[in-house]
Amino acid sequence: MEPVNIMNVDSDRFKEFIDSFDHVFSDCDGVIWSRGPLPGSGAFFDLMRKLGKTIHFVSNNSMRTKEEYEQQFQSVNIENGYENLTVPSVAIAEYLKSVNFNKAVYCITCPETISVLRSHGFTCKDGPDIVGDNHTVFLRYAEDDDEIGAVVFDSDFKINMPKMYKAITYLKRPDVIYLSGATDRLVPLKPGLVTLGTGVFTDLVSEYSKRDPIQLGKPGRAFGEFAMKRANVTDPSRVLFIGDMIEQDIGLGKAVGFKTLLVLTNNTKETLLSHSIRPDFYADTLGSLVPLLKKFV
């Protein structure tokens, strides 16, 4: 089925679209804001609330602090945004709690994820961030550590070979839990510039260790189901998931069974139509839908 440009449908078809979901789950970066607020994004969610929809946010970005997220939501006039936000670091911590994990976590993650895990009482080990040029010393990074019971990947932009050696070594033990947060192979640094993401390194470790992580970031189904649980949502077919990245956002929606809306802030219509993963609907931006929504409020 071809994706529908929801900006171009008639009034009856747009009303049918609105009535097809009760809950809105939305990505943040590239959808609500980029280097600054994206025009009309705050008004979009305000109108959705007036139409009786619940609003929740699902992001792969664990790299912001609570304060930084709150500032971002405030910049687009979204109230209680952080309270309704699910990110991988929280999902990872909750997963480890659910299995009564009591060993140390080896973190190839951003500092914020480590902070979240420690705030939940977990012991974290990480690094090294800086290494010498003599590769013979790398043997030390292939030594096992019996204290490690889990390896976690989540947006470490300082990843290096020693960290990958450590992860592969620990993962040789089948009892070591393997978790992945953000799996983005590509990330938008600014409008029009999409470049290499840290997910490629998780892929390399998975290939070498012959182990697949539990995906607690987009597009992992477990992450989507965790977001539903936090939002007290039980029927995925009544959720509209909005994103700007095809593999992560639309991929998540398809994995869980959400309806999907792609905003073209980081993709063109041509890219969309040539991709094997396709959304149900697409639009230029959230702001482009505001005039249509106002007709039904």
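A quick yes/no check of all residues on (1) of a type outside the set (S, T, N, Q); (2) touching a residue at least 60 places away in the same chain (Cβ under 8 Å):
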residue	(1), (2)
5	no, yes
8	no, no
18	yes, yes
24	yes, yes
28	yes, no
41	no, yes
50	yes, yes
60	no, yes
75	no, no
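Yes or no, residue by residue, for (1) in the same structural domain as residue 180 (by TED's automatic domain parsing); (2) farther than 26 Å from residue 221 by Cα; (3) touching a His at 6+ places or on another chain (Cβ under 8 Å); (4) not aliphatic (A, V, I, L, M):
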site: 12; (1), (2), (3), (4): no, yes, no, yes
site: 33; (1), (2), (3), (4): no, no, no, yes
site: 47; (1), (2), (3), (4): no, yes, no, no
site: 93; (1), (2), (3), (4): yes, no, yes, no
site: 96; (1), (2), (3), (4): yes, no, yes, no
site: 108; (1), (2), (3), (4): yes, no, no, no
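Restricting segment 208-259 to residues that are of a type in the set (D, E, K, R) and under 18 Å from residue 188 (Cα atoms) leaves a set whose member that is nearest to the chain's Cα centre (by Cα) is 218. Cβ-Cβ distances below 7 Å connect the following pairs, each with a first residue in segment 262-287 that is under 16 Å from residue 17 (Cα atoms), a second residue that is at pLDDT below 90 and among the hydrophobic types (A, V, I, L, M, F, W, C), and a separation of six or more residues or different chains: 262/272; 282/272. Listed here are the helices (runs of 4 or more DSSP H) enclosed by segment 1-79 that have at least 1 residues being under 27 Å from residue 157 (Cβ atoms): 41-50, 66-75.
Would you check if residue 132 is in a strand (DSSP E or B) and more than 23 Å from the chain's Cα centre (by Cα)?
no
For segment 254-280, a residue qualifies if it is part of a strand (DSSP E or B) and either more than 13 Å from residue 240 (Cα to Cα) or touching a Ser or Thr at 6+ places or on another chain (Cβ under 7 Å) (or both), and the qualifying residues are 259, 263.
Checked against (1) exposed (fewer than 12 other Cβ atoms within 10 Å of the Cβ); (2) closer than 13 Å to residue 179 by Cβ, residue 129 meets all criteria but (2). Residues in segment 5-22 that are more than 16 Å from residue 241 (Cα to Cα) and either touching a strand residue (DSSP E or B) at 6+ places or on another chain (Cβ under 6 Å) or surrounded by 11 or more Cβ atoms within 10 Å (Cβ to Cβ) (or both): 7, 9, 13, 14, 15, 16.
Residues being within 19 Å of residue 126 (Cβ to Cβ), over 16 Å from the mean Cα position of the chain (by Cα) and surrounded by fewer than 19 Cβ atoms within 10 Å (Cβ to Cβ) are represented in segment 186-204 by at least one member. Quick one: residue 94 ticks every box in (1) in contact (Cβ under 8 Å) with a residue 40 or more places away in the chain; (2) buried (at least 18 other Cβ atoms within 10 Å of the Cβ); (3) in a helix (DSSP H, G or I); (4) of a type outside the set (S, T, N, Q) bar one, so which box is it? The one condition residue 94 does not meet is (2). The single condition from (1) more than 22 Å from residue 87 (Cβ to Cβ); (2) touching a residue at least 60 places away in the same chain (Cβ under 8 Å); (3) surrounded by fewer than 18 Cβ atoms within 10 Å (Cβ to Cβ) that residue 35 fails is (1). Against the conditions (1) surrounded by fewer than 22 Cβ atoms within 10 Å (Cβ to Cβ); (2) out of contact with any Asp or Glu (no Cβ under 8 Å at 6 or more places or on another chain); (3) aliphatic (A, V, I, L, M), residue 87 satisfies every one except (1).
The values are calculated or read from the model by the stated rules, or taken from the named source; none is laboratory data. None of the values given here were measured: they were computed from a predicted structure. Positions of Cβ are backbone-derived with ideal geometry, glycine not excepted, and every protein chain shown enters the neighbour counts.
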